[in-house]
Amino acid sequence: ADVSALIPTSSDGLMKCVDGRPSDHSAMDGPKALGGVYSIATNRGVTDIEGLKKICEEVKKCGSVPSCHGDEHAHPAPMGCGFFKLWSQSKLEGIPAPKFDSEEGKAAIMEAGGVYECLAGKHEEKVVYINFVEGTTLAPNGDDQAFVVDAWMTGTYNLDVPKYLVAAASTVEQLGGPLKAKLIVPN
């Protein structure tokens, strides 16, 4: 991977989905995680709204803005997140489905001080970047889409790394994404 494309994360950056499509939000310098804050919930087995709100508080304390997204194609719009869709349909092996729908999740995240973003266009990701360089990310580029998985954040949130990476691979595979991954590791 072109490590020169790495940017430092900032406290204004969204903890956003790994989705590579263009966003209506400008704060792209936060860590990229499966479904945004939903990645933490799925890794920990959190399936209720109260648990989701607590995760949002933790994300803020750790220096990011909690978020989720939808797109202009899905009905309801928050179902435009493929990761949430797979999770809600019990299609992620060993991960229990949430007890809330996409609109309830969006409302809870926003109520907890998070952000909802709307992504435009269709998926054209060519590669999956798995980034292990702590405190860095890649900003989405609508002209050269890629899924960005900031795997280093598993340490920040004390997540189960194999479970996280298997969920990432399963999601990309089930959504028909690119079967090509590039690892970005510290020097």
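The values are calculated or read from the model by the stated rules, or taken from the named source; none is laboratory data. Just so we're clear, the structure is a prediction, and the values are computed from it rather than from any experiment. Methodologically, a virtual Cβ is constructed for each residue, glycine included, from the backbone with ideal geometry; neighbour enumeration extends over all protein chains shown. Each accessible area value is taken on the protein alone, full model and side chains, heavy atoms only, with ligands, DNA and RNA left out. Shrake-Rupley method; radii C 1.70, N 1.55, O 1.52, S 1.80 Å.
Run the reach check for Lys106 against aspartates and glutamates, Cα to Cα strictly under 20 Å, same-chain hits fewer than 8 apart removed. What comes back?
Result set, ordered by chain and number: Asp12, Asp19, Asp24, Asp48, Glu50, Glu57, Glu58, Asp71, Glu72, Glu117.
Extending each Cα 7 Å along its Cβ direction at Gln174 and Cys118, get the distance between those two points in nm, one decimal.
Modelled inter-label distance: 2.7 nm.
Just the C-alpha atoms of the stretch 18-147: what Rg/Rh do they give, with Rh taken as the Kirkwood radius?
Reported Rg/Rh (Cα atoms, Kirkwood Rh): 0.93.
Under 5 Å between amide H atoms, partner at least 5 residues away or on a different chain: which partners does Ser67 have, H built in plane at 1.01 Å?
Long-range HN contacts for Ser67: Met15, Val37, Val115.
Fully extended, how many nm does the chain gain between Asp24 and Met110 (0.36 nm per residue separation, minus their Cα-Cα distance)?
Length difference between fully extended and current span is 29.4 nm.
Indicate the gyration tensor shape class of the stretch 140-187 (rounded, prolate or oblate), computed on the Cα atoms with a ≥ b ≥ c the square roots of the eigenvalues: a/c under 1.5 is rounded; otherwise a/b larger than b/c is prolate and the rest oblate.
Oblate.
Using a 1.4 angstrom probe on the protein heavy atoms only, could you order Val59, Val185, Val65 from most to least accessible area?
Val185, Val65, Val59
Give the accessible surface of the chain per residue, rounded to a whole number of Å², with probe radius 1.4 Å and ligands, DNA and RNA excluded.
In whole numbers, the chain has 45 Å² accessible per residue.
Can you pull the percent of the stretch 1-144's accessible area that's carbon plus sulfur, 1.4 Å probe, other chains left in place?
Of all accessible area on the stretch 1-144, carbon and sulfur atoms account for 51 percent.
Please identify the trypsin sites (Lys or Arg not before Pro) of the stretch 83-187 that satisfy two criteria: DSSP loop assignment and at most 15 other Cβ atoms within 10 Å. Which are they?
Answer by residue number: Lys91, Lys99, Lys122, Lys126, Lys180.
Which length gain, in nm to one decimal place, applies between Lys54 and Ala97 when the Cα-Cα distance is subtracted from 0.36 nm times their residue separation?
13.7 nm
Using label points projected 7 Å from each Cα along Cα→Cβ, tell me how many nm separate Glu134 and Lys61, to one decimal.
For Glu134 paired with Lys61, the spin-label model returns 1.9 nm.
With the cut-off at 28 Å, tell me which of the pairs Lys99/Lys180; Lys53/Lys85; Lys61/Lys91; Lys32/Lys53; Lys61/Lys122 have Cα atoms farther apart than that.
Exceeds cut-off: Lys99/Lys180; Lys61/Lys91; Lys61/Lys122.
If each DSSP helix of 4+ residues adds -39,500 (n - 2.57) and the sum is divided by the residues in the chain, what number results at 222 nm, nearest 500 deg cm²/dmol?
-8500 deg cm²/dmol
Evaluate the stretch 1-54: find the radius of gyration of its Cα atoms, find its Kirkwood radius, and give the ratio Rg to Rh.
1.04
For His25, what accessible area in Å² do you get when you roll a 1.4 Å probe over the heavy atoms of the protein chains, rounding to the nearest 10?
Roughly 60 Å² of His25 is accessible to a 1.4 Å probe.
The stretch 112-151: Rg/Rh from Cα coordinates, Kirkwood Rh?
Using only Cα positions, Rg/Rh for the stretch 112-151 is 1.02.
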